[in-house]
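Notes for the one structure printed next.
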Amino acid sequence: MLIQPAPIAAPHALLHPRQQLGRPQRALQVSAIGHLVPRRAFAGRVHSTFAQACNIACGDALLTLVTPRAGHGPTSIELHDAPADLRGWFTTGDALVCRHGIARSPRVTLDFTQARVWRPAARRSTVPPSRWHPRLLSATAWLARRQRERSSVIAGAAADAAGELTAACRALQGARAAQLATRLVGWGEGLTPAGDDFLVGLCAGLDALLADDPARIACRAALSDALVAAVSRTPTISAHHLRLAAGGHFGERLLDARDAWLSDTPWRDVEAAWRAACAIGATSGADALSGLLGALRAWHPVACTA
Amino acid sequence: MAPRRLHGVIMATTRFRTFRNLYKDSVTLMQLAQRLRERDGIAQASCLMATPANLAQLEQADLSIDVAPSPNDLLVVVRGEPADCEAALDAADALLQANDTTAHSGGAAFSLPLTSVALGVAQAPDADLALISVPGDYAGAEAMKALALGLHVMLFSDNVPIAEERAIKTVARDKGLLVMGPDCGTAIVNGVPLGFANVVRRGDIGLVAASGTGLQEVTCRIHHLGGGVSQALGTGGRDLKEEIGGITMLQGVAALAADAATRVIVLISKPPAPDIARRIEAAAAQAGKPVVVHFLGASAQALRAPLVAATSLRHAADLAVALARGDGARVTAPAPAAADLTQVDQRCAAMAPTQQAVRALFTGGTFCYEAQLAFNARGLPCKSNAPTTASQPFDGRYDGHVLLDLGDDDYTRGRPHPMIDPSVRDALVRAQGADAQVAIILFDVVLGYGSHADPAHSLAAALRDAQTQARAQGRTLLAIGHVCGTDGDPQDKAGQLRTLQEAGALIVGSNIEAALLAAHGAARRATPL
């Protein structure tokens, strides 16, 4: 993961961010950080601000300040008792410098010292192969209902490419999968294009089904290489998520949805996890679940070459 | 689509507007496009991020535009009557700029205002060093611009032609400026870590090194021994070649000699060209302070005071700290602890007859080189993708002892360095579990700024997987490694050590100890009990 925590380029500016006069400082406690977030020291600048999230550019990577409702992520920083609207406290371009667990920006001080580290647990499928097919049908129907309410290019113009990508993964054609993945990168209207969200979900699913199968590992590696090579074709925020996915890192909600499906739990529990995942963004969550579903279809146990 | 309110199809035109670094979610953009399509005189409208994939879609929809925006630009394209298109774009502008187009969306991104070194200097007039990390084709020109502005240069970029390197360094020397690099990944200047560097105590030992991980190993060891670093300067890997003449190392020696805060100087490099070595030793002898010299793999030769020869990276640090404390230079070369040797003997004794080979998977190039020297010294044949003069080039076949530098171009093309993204190494570690030849896996873990936030986590998992696979086939593996880092590094060194030890790895205090233990194990396996 490309987190560059060192104050390398402009130590004067980064080490001594100018205080903005006339605005009060606010101290916020960080309750949890993703496992890729440097705990003690990093330096970055506010890249983009939203009501419930604020991205900090840190080298090639983004660290994301989030409210507890957002769920954990590998590079997320969860704020305890966060302001209602982060846009009032962070301005694009602000420096944010963390030293010894205390990060300072012109208007906010963040205390990392009590933050716990969120780290996803490694899980393997416990669903008997005989129950895969009914679960796939249930998930497909569930997602189709969701996509009728809010659709994206993944259910429209990009559906064929997404389907072909799934088929290439099933056939373990790494080069073909890489080619199709590159085509999907950046495809879709929004902040994180739907094609990218699909790819993130696909990677999350594939990672859980590698089964130490060298052919699958090679296919997945080809996909990662393609994503890393194509990140310049998509907006910075989405590029960050693609890089994470290429390295096998995903957000909590997506992993919960994946693991719920793969564990031998009642379907209502799977639905609850999928609903939570769908709540991410406008269509991002649903598009990622489409990718996850694609992976589950592609590497169904009966297709395993191991 | 049949535009109900389009006045005249013949007059239809395509107009667009880009909004730099403006982010909206897809539903907001689709709703906006729908509102634009409902306007009089508009036949088609699309609002999307200007990615290549989306631009291709626009072209298919006959909404192609003749500029090349960035993927971070939001693009609004409308097709209709000219005057109505302009009005629609104005309306889109107003809607997009409103903070609450929807309750959950809307964000503005920071656009880096600094697009040149000169602009940076204008904003930070006190700056005296430029760190340049651009593709090699452009790095030389950027370095020259920085030098013209009176800045020292750290040139992170590689692939700079050697003639260009010489030109840059000559200009810098004439101006009294220092160029660290090209391909310089590590330095600590005035206590500020640059690139891959560790959090070390400030002190009175100054270093000049043509080796990034070598510099990290020595500075970490100095810190561990309670010493401190005044400056740690990188030169780039080619500085001591004939073509460059050791310009930066000679400048570094002169700078540290003149630096009142530096009491002891340490020089680290792979073997320089003989003439360059003589010039550097002559300059170092004039420094007026003790100088520890470690040219990895150079034939042992007597150095006269104030020069002291070290036999390994760890030895260089041990000597430097002793000299800084006035303890003299009677520091013996490091050797593995008896308890570690016993453990290696016991683990090797329990191995299957097929298990003869060491597979070393390094993220640090100098660690790989140092380990090969340990194998060479014991007469153990080995292969490497970055071979010493006594090693064989790696031919892609995992047969016998193989020591790999995974930071080499062969393994980093199109992907981050393994210190940043350890997945390539993790995969190779796992693969060793299936190889009946493998007895010992030798590895390094490099902490500090720039490195992966938790490299031990995935490596420990890979080691466990390899061990599990080997055990399933009636074998047991021995993993030996060392962690290059300090207790001040962002990754929590104690936790990293614990994670690796819990995975069954034998962790020692330096690369040379790990390499000597692996070589000892290899020799044991070559002579069955």
Exercise for review: For the pairs B:Lys145/B:Lys289; B:Lys169/B:Lys383; B:Lys145/B:Lys241, note any where the Cα-Cα span goes beyond 29 Å.
Suggested key: B:Lys145/B:Lys289; B:Lys169/B:Lys383
Study note, to complete from the structure: Once all protein chains are kept in place, A:Val46 shows an accessible area at probe 1.4 Å, nearest 10 Å², of 0 Å²
Review point. Which whole-number percent is the relative contact order of chain A (Cα, under 8 Å, 6+ apart)?
Key: 19 percent
Practice item. Taking the Cα centre of the range A:129-298 as origin, work out the dipole magnitude from +1 charges on Lys and Arg Cβ and -1 charges on Asp and Glu Cβ, in debye rounded to 20. Key: 300 debye
Check your understanding: In Å, what is the Rg of the alpha-carbon atoms in the range A:129-298, and how long is Dmax?
Key -> 14.4, 42
Exercise for review: Using a 1.4 Å probe on the heavy atoms of the protein chains only, list every residue of the range B:490-519 that has 20 Å² or more less accessible area in the complete assembly than in its chain alone.
Suggested key: B:Pro490
Revision key, fill the gap. For chain B, averaging the sequence separation of alpha carbon pairs under 8 Å that lie six or more residues apart and dividing by its residue count, the contact order in percent is 10 percent
Review point. So between A:Ala229 and A:Arg275, what do we pick up on full extension, going 0.36 nm a residue minus the alpha carbon distance?
Key: 13.4 nm
Practice item. Starting from the Cα of A:Arg145, step 7 Å along the direction of its Cβ; do the same at B:Leu303; then give the gap between the two resulting points in nm. Key: 7.5 nm
Study note, to complete from the structure: Probe 1.4 Å, protein heavy atoms only: A and B together bury a total accessible area in Å², to the nearest 100, of 3900 Å²
Point to revise | Binned Cα-Cα distance frequencies in chain B - 10 Å width, integer % | key: 4, 16, 22, 19, 14, 11, 8, 4, 1, 0
Study note, to complete from the structure: For A:Asp60, the accessible surface traced by a 1.4 Å probe with all protein chains present amounts, in square angstrom to the nearest 10, to 90 Å²
Point to revise | Globularity index of chain A, i.e. its alpha-carbon radius of gyration over 2.2 N^0.38 Å | key: 1.02
Practice item. Round to the nearest 10 and give me the degree value, 0 to 90, for the angle of helix B:26-37's Cα axis relative to the longest principal axis of chain B. Key: 20 degrees
Check your understanding: Given R₀ = 22 Å, FRET efficiency for B:Asp90-B:Glu59 by Cβ-Cβ distance, to 0.05?
Key -> 0.30
Check your understanding: Hey, could you pull the Cα Rg and Dmax for the range B:232-299, both in Å?
Key -> 11.1, 32
Point to revise | Beta bridges per DSSP with both ends in the protein assembly as shown, % antiparallel, nearest 5 | key: 45 percent
Point to revise | Förster radius 25 Å - calculated FRET efficiency between B:Asp174 and B:Asp275 (Cβ-Cβ, nearest 0.05) | key: 0.70
Check your understanding: How much of the accessible area of chain B, in percent, comes from carbon and sulfur atoms when a 1.4 Å probe is used?
Key -> 52 percent
**Study point:** Hits among aspartates and glutamates - C-alpha to C-alpha of B:Lys175 under 17 Å, sequence gap 8 or more where chains match
**Key:** B:Asp128, B:Glu142, B:Glu164, B:Glu165
Revision key, fill the gap. To the nearest 20 debye, chain A has a Cα-centred charge dipole, built from +1 on Lys and Arg Cβ and -1 on Asp and Glu Cβ, of 420 debye
Review point. Going by alpha carbons, how many degrees (0 to 90, nearest 10) lie between the helix axis of A:267-278 and the longest principal axis of chain A?
Key: 50 degrees
Check your understanding: Relative contact order (percent) for the range B:150-307, with alpha-carbon contacts under 8 angstrom and 6 or more residues of separation?
Key -> 20 percent
**Study point:** Heavy atoms of B:Asp90 accessible to a 1.4 Å probe, total area in Å² rounded to 10
**Key:** 90 Å²
Review point. Using a 1.4 Å probe, what is the accessible area per residue for the protein assembly as shown, in Å²?
Key: 39 Å²
Practice item. Return the FRET efficiency for the residue pair B:Ala167, B:Ala436: r is the Cβ-Cβ distance, R0 is 35 Å, and the value is rounded to the nearest 0.05. Key: 0.10
Practice item. Run the accessible area of the range A:129-298 with a 1.4 Å probe and give the carbon-and-sulfur part as a rounded percent. Key: 54 percent
Practice item. Could you bin all the Cα-Cα distances of the protein assembly as shown into 10 Å bins starting at 0 and give me the percent of pairs in each, rounded to whole numbers? Key: 2, 12, 20, 23, 20, 13, 6, 2, 1, 0
Check your understanding: Where does helix A:159-170 land angle-wise versus the long Cα axis of chain A, in degrees 0 to 90, nearest 10?
Key -> 70 degrees
Check your understanding: So what's Rg/Rh here for the range B:487-529, counting alpha carbon atoms and using the Kirkwood radius for Rh?
Key -> 1.14
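The values are calculated or read from the model by the stated rules, or taken from the named source; none is laboratory data. On a predicted model such as this, the values are computed, not experimentally measured, just so you know. Glycine gets a Cβ as well: all are built from the backbone with ideal geometry, and neighbour counts include every protein chain shown. These accessible areas exclude ligands, DNA and RNA; they are computed on the full protein's heavy atoms, side chains included. Shrake-Rupley method; radii C 1.70, N 1.55, O 1.52, S 1.80 Å.
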